[in-house]
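The block underneath contains the structure these notes are about, expressed in structure tokens.
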Amino acid sequence: MSEISSEDGLVREFTKQGADYYASVFARIRSHAGFTWSFNWAAAVLGPIWATARNIPILFWLALFFETLAVAQLATGFAGNLGGEQRVRAERLFKQADERRVEAEKAKTAGESSADSMLRSADGLKVAAENAARQAEAAEARGPMLIGAGLLTLLIGKLLVGVLANPLLERRFNRWRSNRRLRHGFHKAGALLAAAFCLLAYGLVAWRVAAQAPPSWLTTAPVNREWQGIVAATLDRALDGLSKSGDAVFSAITGLINIVLDTAASGLTTMPWLVTMAMIVILAWQLAGNRVAIFTAAALAYLAVLGFWEKSLETVALLGTSAVLCLIIGIPLGIWCGRRPAVYTAIRPILDFMQTMPAFVYLIPVIALFGIGKPPGVIATLVFGTPPVVRLTALGVQGVPTSIREAAEAYGATRWFLLTRVDLPLAAPSIMAGVNQTILMCLSMVVIASLIGAKGLGEDVLNALQYAAVGQGLLAGLAILLCAMIIDRIVQSTSLR
Amino acid sequence: MTDRLRTDVGGRIAADGEPLIVMRNVWKIFGARQAEALAALRAGAAGKREIAERFNCVVGVADVNLSVDRGEIFCVMGLSGSGKSTLVRHINRLLEPTAGEILVGGENVMAKSPADLRSLRSHKIGMVFQNFGLLPHRTVRDNVALPLEIQRASRQKRFDIAEEALEKVNLAGWGDRYCHELSGGMQQRVGLARALAADPDILLMDEPFSALDPLIRRQLQDEFLSLSTAMGKTVVFITHDLEEAVRIGDRIAVMKDGMILQVGTPEEVVTRPEHDYVRKFVADISRLNILTARSMMVPVGEHHLTEADLAALPSVRPDHVLGDLVEIAAGHSGDIAVREAGAIVGLIDRTAILNGLKRKEAS
């Protein structure tokens, strides 16, 4: 008994207004197993306003959707410019037909040979005019239909809101019971705001559809080309300034990357092709077994026979440099993020930016700062390839059970010991997945990097694109795919062991 | 290097007779505003609920005083949320107390530098966890040798000591397996072997057997008991199971809401609960292995029996428990004599035995 009355008290505290009604409705909802049919008149009549006051956003949007649709239909039906265009066209055509007929009559009396054809075209114009007039009439006839449809939409919306209101409010009540900080009661200020918004929105919508010639500010958002130009110019100048003042730094970075790249490339290309290939196959066999070794041999044969060997090596050098740099930057950053949630929160938007910004956008500033060629290609690849390894390393480090870290700490482990013997080994599967992702991301970026002169296999794809050479393009694309698969299979197999 | 460190720490360990672990007025409050909350609690101005509401803090340990003697098995018993696991983590300073003093072997743990603290943890204190805390990517042997690895012992030494420790917990020959290949009971044996590997003075057992099924738990309790007594370890044993506390503990501390309600031998706690909460707890516990002849006997002076009568009675030692007395009483209808050093010190009659069996507070 006391339980029921306390339940009642809770409903009262939650609803504040109309408590008696809600106490009985909620009791009914609780006693039913399935959906409980009830109709909340206040919710149906007030729609979005009620939903806002009762803090149910989903109902607000539902009601707003139906009511806006109804307002648009009703306004069009009552006052809209239905068939207006067609009517104007019909009038114009009728006029043209009449003029043509007069001209034709004149030509006939003058005995000109074109008279017949003019007569025919006048008839054609008349037919077209009649068609347009008919269409205009049909459109005008749609008026009452639209009004009917608008009323029906309004009715459906009200019915839906009225029926859904009580179950949704009851659900909100249940959530509030376990989290008393949730807003409850009847929120008057919210209701007023919602009423003001609805009035404004419906009014503007009605005006837009009903007006013969709605004002331009109603149809287009205000554009200020001047501001856009100023901001863009400022950014241009800033980049210019940066490239001038930081020239020494950027050329140092470029030089460094060049040294690494050249070492890698010359190492790969000076060796006889047979030796390099044999080494790759042996590596694949040792790390990943027979099947991958056979696949690798076949893929290498393809690259060699179809003339992609040198370019592949160039690509791999580019890829290797980028990937190694990505990992050198990304893994420590990921560990830091995994251990310090605040750092991760700060870095996450930057990672999002790096991953979602289209490559072409940052290729431009990269060229401005680093010139064209391979180093800017590496840097562009770096931007794109680092986020996955940071994310997955952070995820892995976060996933290390605190109980295991605590056990190691209880035996006097230093922070270095914790990092190298506990965190990294336990996070290794996740980190390896990140490494794999980064390598594949880097490879996909290689094609785009060739746009700024990074050479390699991407260059072939680019050439094929320019000359619409479908076959060449496919062959070069397949070569990139095979490079990716060789590297991926080898790296993945080591992560599995 | 390692040996020097060892003697260094060992030399400063307290002499026998003094308590090995001492906690004085230890408070632990979780939350950003713990200082304010502590002041309010000390002034008695706020209860647990108010602390949570006003300061958004949670009280873990409230004004705990305890001392554990060398070679003693000290059980901390309490339900989940009573603060027992929080309390034990202060002994090796895995948690920093909000206020209070903690001495291990006469040294102030709070005053130790990070390096000294690590040395204390790796040499003097072993810890066993409820969820084992083993490294899944390492073999059993490498897990057991973890404290020695942290001490930077040579690989050979680690290997030897780990094998030795594994033998002690009956896991000889399992060193090359990975931990996930072992059952729960075996994993906890590995945890125990790891705690024993560095030969520490103190073992902190944080609900070590709670995650195991009853049969294995029993078996491990027995093995642990004989092992720690044989090795003379000082043990702080956390449990939520009073039966376990009574079986294992030399003394038991009962905790609730971060406070220690009562400390005493199992017999004291069971027969003379000082608190309603403790009384409820011990109401259902079997006294067969707890009540001693000494506490049940009537001193001999109050009886007027002849020497010959006394000599004919079956006799027990004062530390025999109720279960032994019941067995004797089953085959003998008269009184039972209690002898200490040859002399009869007391008598126990059947009524006393039956009263002892009744599961209620003995007055």
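The values are calculated or read from the model by the stated rules, or taken from the named source; none is laboratory data. Note that the structure is a prediction, hence the values are computed from the model and not measured. Don't worry about glycine lacking a Cβ; one is built from the backbone with ideal geometry, like all the others, and counts go over all protein chains shown. The protein model used for the area step is the full one, side chains on, heavy atoms only, and it has no ligands, DNA or RNA in it. Shrake-Rupley method; radii C 1.70, N 1.55, O 1.52, S 1.80 Å.
Values computed for the structure shown
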{"quantity": "Residue among A:Leu465, A:Gln228, A:Gly77 farthest towards the positive dipole end of the protein assembly as shown, charges placed on Cβ", "calculated": "A:Gly77"}
{"quantity": "Rounded to the nearest 10 Å², the accessible area of B:Glu243 at probe 1.4 Å", "calculated": "90"}
{"quantity": "Most to least accessible of B:His137, B:His180 (protein chains only, probe 1.4 Å)", "calculated": "B:His180, B:His137"}
{"quantity": "Table column - 3J(HN,Hα) (Hz), the stretch A:170-182, Karplus curve with 6.51, -1.76, 1.60, x for Gly and Pro", "calculated": "5, 5, 4, 4, 5, 5, 5, 4, 8, 9, 6, 7, 4"}
{"quantity": "Built amide H within the under 5 Å cut-off of B:Met259, gap 5+", "calculated": "B:Ala62"}
{"quantity": "Within the accessible area of the protein assembly as shown (1.4 Å probe), percent carbon and sulfur", "calculated": "61"}
{"quantity": "Nonlocal amide H pairs with B:Gly346, under 5 Å, H built at 1.01 Å", "calculated": "B:Val300, B:Val338"}
{"quantity": "Set A:Lys16/A:Lys158; A:Lys244/A:Lys374; B:Lys28/B:Lys358; B:Lys124/B:Lys168; B:Lys112/B:Lys233 screened for pairs whose C-alpha atoms are more than 28 Å apart", "calculated": "B:Lys28/B:Lys358"}
{"quantity": "Rounded to 5, percent antiparallel among DSSP beta bridges of the protein assembly as shown", "calculated": "60"}
{"quantity": "Using alpha-carbon coordinates, inclination of helix A:2-15 to the longest axis of chain A, degrees", "calculated": "80"}
{"quantity": "Average accessible area per residue (Å²) across chain A - probe 1.4 Å, nucleic acids and ligands excluded", "calculated": "55"}
{"quantity": "Bridge type composition, chain B - antiparallel percent by DSSP, nearest 5", "calculated": "60"}
{"quantity": "Magnitude of the charge dipole, chain A, Cβ model with Lys/Arg +1 and Asp/Glu -1, debye to 20", "calculated": "1420"}
{"quantity": "Residue-level accessible surface for B:Asp69, protein heavy atoms, 1.4 Å, Å²", "calculated": "60"}
{"quantity": "Within the protein assembly as shown: Cβ-based charge dipole about Cα centre, in debye rounded to nearest 20 (Lys, Arg +1; Asp, Glu -1)", "calculated": "2100"}
{"quantity": "In sequence order, calculated HN-Hα J values of the stretch A:399-412 (Karplus, 6.51, -1.76, 1.60; Hz; x Gly/Pro)", "calculated": "x, 5, x, 5, 5, 6, 4, 4, 4, 5, 5, 5, 9, x"}
{"quantity": "For the stretch B:148-164, residues shielded by at least 50 square angstrom of accessible area compared with the chain on its own, probe 1.4 Å", "calculated": "B:Ile150"}
{"quantity": "Heavy-atom SASA rank of A:Met441, A:Met279 (probe 1.4 Å, accessible area, largest first)", "calculated": "A:Met279, A:Met441"}
{"quantity": "In Hz, Karplus ³J(HN,Hα) per residue of the stretch B:108-121 (6.51, -1.76, 1.60; θ = phi - 60°; x = Gly, Pro)", "calculated": "6, 5, 5, 8, 6, 6, x, 5, 5, 5, 5, 5, 4, 5"}
{"quantity": "Order of exposure, largest accessible area first, which applies to A:Arg172, A:Arg181, A:Arg415 with probe 1.4 Å", "calculated": "A:Arg181, A:Arg415, A:Arg172"}
{"quantity": "Residue-normalised accessible area of the stretch B:21-282, expressed per residue, 1.4 Å probe, Å²", "calculated": "40"}
{"quantity": "Where A meets B: accessible area buried, both sides, 1.4 Å probe, Å²", "calculated": "1600"}
{"quantity": "Long-range HN-HN contacts of B:Ala99 with modeled amide H, under 5 Å", "calculated": "B:Trp27"}
{"quantity": "Chain B, dipole about Cα centre (Lys/Arg Cβ +1, Asp/Glu Cβ -1), debye to the nearest 20", "calculated": "1280"}
{"quantity": "Extension gain from B:Ala45 to B:Asn108, taking 0.36 nm per residue of separation minus the Cα-Cα distance", "calculated": "19.7 nm"}
{"quantity": "Among A:Leu192, A:Ile253, A:Gly289 - extreme Cα towards positive end, dipole of chain A, charges at beta-carbon", "calculated": "A:Leu192"}
{"quantity": "Heavy atoms of B:Glu223: accessible area, 1.4 Å probe, square angstrom to 10", "calculated": "50"}
